[in-house]
Amino acid sequence: MIVAKRKPFDEIMELLKDHKKVLVVGCGTCVAVCLTGGEKEVAVLAAELDMGRKLANNPVEIGSITLERQCDREYLEKLAGMADQYDAMISMACGVGIQFLAERFPNKPVLPAVDTCGLAVNQDVGCYEERCRSCGHCLLGLTGGICPVTMCAKGLHNGPCGGTNKGSCEISADQPCAWYMIHERLKAQGRLNAIRQIKPAEDWLDTKPRTLIQPGYKKPEKAKA
Amino acid sequence: MRLSYPSNIRIILVPCTGKVDVIHMLRAIQKGADGVYCVGCLEGSCHFNQGNIRCRERVEHVRSLLKEVGLEPDRVRMYNLSSSEAPTFAAYATEMTEAIKKLGPNPLKNKALGKP
């Protein structure tokens, strides 16, 4: 899932300082699962803002709503009659949701309440570990299901580097060496051949925003128009 | 035992302090309560194993939130005792009340009631 971290309260206060009527918009999908921007976290932020602004003698009227998803047009429609009643909206969704909300309501300031941190697994309640950088060229089939782009500090495709140290990375003894893990897993599976082939360098220059259209979902009539 | 403790405390019963959430404590302060304290079982003797430890963690979080907002973190506290320790319960109630009296009323109280 996409994970995010709540921004420091001072930063949120600064973003909202000139607005008198604010809608806190949560997202009920990824950021709700990672306990950053779901219904409960929206309630906490709304309570904090209410208290902080009252104490600063600059009271604010706060509304709150948690949409099913902010990255889907159909769920944003729920705000259609609501957005006009507020000076600004502060979104607790990931960067994708915040941008889509801003796109749907271009005349309204849409501000972020969270910092999006990546794609992570759920290790425990409230504990998430990054596993994917969404580079767009998955090597997992050759690397025993361990991503060198994410797990290696240098993102090496043909590792390890000289800094590998008895299973740890040179940056820290607590950081496992991705290429050591890859070697051990492939060895156990008898698949060491998989890393003997050279993997070409990533085309990192290709950094324009990516669009995905699933096969069978192209709409030729739209292309003509 | 007929022990007495300060009468300005309102007791809210929960099945375990592990049930107490951040938003419960925060809302109480937001609505004008001068202080909130959670009284859990002794650490290590939770019937549900970790309820009181979870509560302590949430109390700590609320304290940090209050600090960010501009209120005294000491308005929210965690206490632990065994259910048979009535004198300790009364002592904690007195200690909390005195601590809150030193801090003075919640500055949000009048604002929460819509007064200037």
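Read the figures in this text as sums done on the coordinates, not as results from a lab. Only a predicted model underlies this, so the values are computations on that prediction, with no experimental measurement involved. Neighbour counts run over all protein chains shown; Cβ positions are idealised from the backbone, glycine included.
Given the pairs B:Lys19/B:Lys109; A:Lys20/B:Lys111; A:Lys20/A:Lys78, which are separated by over 19 angstrom at their Cα positions?
Going by Cα-Cα distance, B:Lys19/B:Lys109; A:Lys20/A:Lys78 fall outside the 19 Å limit.
Rounded to the nearest 500 deg cm²/dmol, what is the calculated helix-only ellipticity per residue at 222 nm for chain B, with -39500 (n - 2.57) per DSSP H run of length n ≥ 4?
Calculated mean residue ellipticity at 222 nm is -14000 deg cm²/dmol.
Determine the shape class of the stretch A:30-124: with a ≥ b ≥ c the square roots of the Cα gyration tensor eigenvalues, call it rounded for a/c under 1.5, and otherwise prolate if a/b is greater than b/c, oblate otherwise.
Since a/c reaches 1.5 but b/c is at least a/b, the shape of the stretch A:30-124 is classed as oblate.
Output needed: percent of Cα pairs per 10 Å distance bin for the stretch A:89-189, bins running from 0 to the one holding the longest distance.
All Cα pairs, binned at 10 Å, distribute as 14, 32, 26, 16, 10, 1 percent.
Helix B:51-69: angle to the longest alpha-carbon principal axis of chain B, degrees 0 to 90, nearest 10?
For helix B:51-69, the angle is close to 20 degrees.
Going by Cα centres, the stretch B:48-107 and the stretch A:130-197 are how many Å apart?
47
Using only the alpha carbons, work out the radius of gyration and Dmax of the stretch A:23-73 in angstrom.
12.2, 37
Which aspartates and glutamates, on any chain, are close to A:Lys166 with Cα under 18 Å apart, when same-chain ones fewer than 8 places away are left out?
Reachable aspartates and glutamates: A:Asp174, A:Glu184.
Taking amide hydrogens as modeled 1.01 Å from N in the peptide plane, which residues meet the under 5 Å criterion relative to A:Thr116, leaving out close sequence neighbours?
A:Lys5, A:Gly95
Enumerate the amide H contacts of A:Tyr128 below 5 Å, restricted to partners 5 or more residues apart or on another chain; note that Pro and chain-start residues carry no placed amide H.
Amide H to amide H, under 5 Å and 5 or more residues apart or across chains, A:Tyr128 pairs with A:Gln123.
What angle do you read, to the nearest 10 degrees and between 0 and 90, between the alpha-carbon axis of helix B:86-103 and the longest principal axis of chain B?
The two axes meet at around 20 degrees.
Per q in 0.11, 0.13, 0.15 1/Å, what log10 I(q)/I(0) does a Debye calculation on the alpha-carbon atoms of chain A return?
Once normalised to I(0) and log-transformed, intensities are -0.73, -0.89, -1.02.
Relative to the Cα centre, what is the charge dipole magnitude of the stretch A:172-217, using +1 at the beta carbon of each Lys and Arg, -1 at the beta carbon of each Asp and Glu, and rounding to the nearest 20 debye?
Taking the Cα centre of the stretch A:172-217 as origin, the dipole is about 220 debye.
Quick check on chain A: helices-only [θ] at 222 nm, where DSSP H runs of length 4 and up contribute -39,500 (n - 2.57) each and the sum goes over total residues. Nearest 500, please.
Computed mean residue ellipticity for chain A: -7500 deg cm²/dmol.
Share of Cα-Cα pairs in the stretch A:135-195 beyond 13 Å, in percent?
56
Could you work out the Rg to Rh ratio of the stretch B:22-106, with Rh taken as the Kirkwood radius (inverse of the mean 1/r over all Cα pairs)?
With Rg and the Kirkwood Rh in hand, the quotient comes to 0.98.
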